[in-house]
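Before any comments, here is the structure.
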Amino acid sequence: MKLHGSSKSRSARSLWALEELGLSYEHVPTEPPKAKSAEHMKINPNGHIPALEDDGLVIWESMAINLYLADKYGQGKLWPASVAERGEVYKWSFFGMTEIEPPLMTLLTHKLFLPPDQRDEKAITDATEKLKAPLKVLDEHLKGREWLVGKSFSIADLNVASVLSFAMLVKLDMSATPAAQAWLQKCLGREANKKVRSLK
């Protein structure tokens, strides 16, 4: 099994899943610019990372990789046994991608990625405001419970926490959603995630 990607990108969530599952894999460090190389385009014709090679199968898109890994290798670990709980896993994973990640990417772009003279304060303000509603949804769900789905850490927690980890980079104030804030710190503090952060 090979995972092409960089721990400084969305690939980190797939590396985290591999570590949580205790799988043997080869990490092929691939920075985003190198994803456009002819060699990598044979693996992912979109020219993006991550990409997973597993026994002749190639999967790209970090969330798809994680759901695949959890489904194939995570029974009794990251993957719930019931169809209902698996539905919850899909729900929260896609929630992370569609409700939380877009405004967070706007914050990353205008707080960190763009040169200072190209940053848009209104875009930062609007994105911060837009995050309040989904963070409140997450916070309300986590009140009185430890994890997003069922009674143990699952791929849903990993997927959503990996998206929200960008909030740490932009120093997003999450004090208004303390349950979500505490849950995020608990997820990011897991040994598997800490190990990934030390990779290339």
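Rundown of residues vs (1) crowded, with 18+ Cβ neighbours inside 10 Å; (2) touching a residue at least 40 places away in the same chain (Cβ under 8 Å); (3) closer than 23 Å to LYS8 by Cβ, yes/no style:
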residue	(1), (2), (3)
PRO32	no, no, yes
MET41	no, no, yes
GLY47	no, no, yes
ALA51	yes, yes, yes
ILE59	yes, no, yes
SER62	yes, yes, yes
GLY76	no, no, no
* Asked: Of the residues that make up region 161-170, is at least one at positive phi and either more than 12 Å from the chain's Cα centre (by Cα) or of a type in the set (Gly, Ala, Ser) (or both)?
  -> no
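Suppose we filter SER9, SER24 for residues that are part of a loop (DSSP other than H, G, I, E, B) and free of Cβ contacts under 8 Å to residues at least 24 places away in the same chain; which single one remains?
SER24
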* Taking the condition out of contact with any helix residue (DSSP H, G or I) (no Cβ under 7 Å at 6 or more places or on another chain) and not acidic (Asp, Glu), does SER93 pass? -> no
* In region 156-175, is there at least one residue being part of a loop (DSSP other than H, G, I, E, B), within 26 Å of ALA81 (Cα to Cα) and free of Cβ contacts under 8 Å to residues at least 12 places away in the same chain? -> no
* Asked: Within region 4-39, how many residues are of a type in the set (S, T, N, Q), modelled with pLDDT of 95 or more and touching a helix residue (DSSP H, G or I) at 6+ places or on another chain (Cβ under 6 Å)?
  -> 1
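Yes or no: ALA182 among the hydrophobic types (A, V, I, L, M, F, W, C), at pLDDT 95 or above and within 19 Å of ALA64 (Cα to Cα)?
Judged against the criteria, ALA182 is not a match.
Pick from ILE43, ILE65, ILE49: which is more than 19 Å from the chain's Cα centre (by Cα) and either charged (D, E, K, R) or outside any strand (DSSP E or B) (or both)?
So the residue among ILE43, ILE65, ILE49 that is more than 19 Å from the chain's Cα centre (by Cα) and either charged (D, E, K, R) or outside any strand (DSSP E or B) (or both) is ILE43.
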* Can you work out which of the residues in region 77-113 that are touching an Asp or Glu at 6+ places or on another chain (Cβ under 8 Å) and not in a helix (DSSP H, G or I) is nearest to PHE166 (Cα to Cα)? => LEU78
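The values are calculated or read from the model by the stated rules, or taken from the named source; none is laboratory data. As the structure is a computational prediction, the values presented were derived from the model and not from experiment. Positions of Cβ are backbone-derived with ideal geometry, glycine not excepted, and every protein chain shown enters the neighbour counts.
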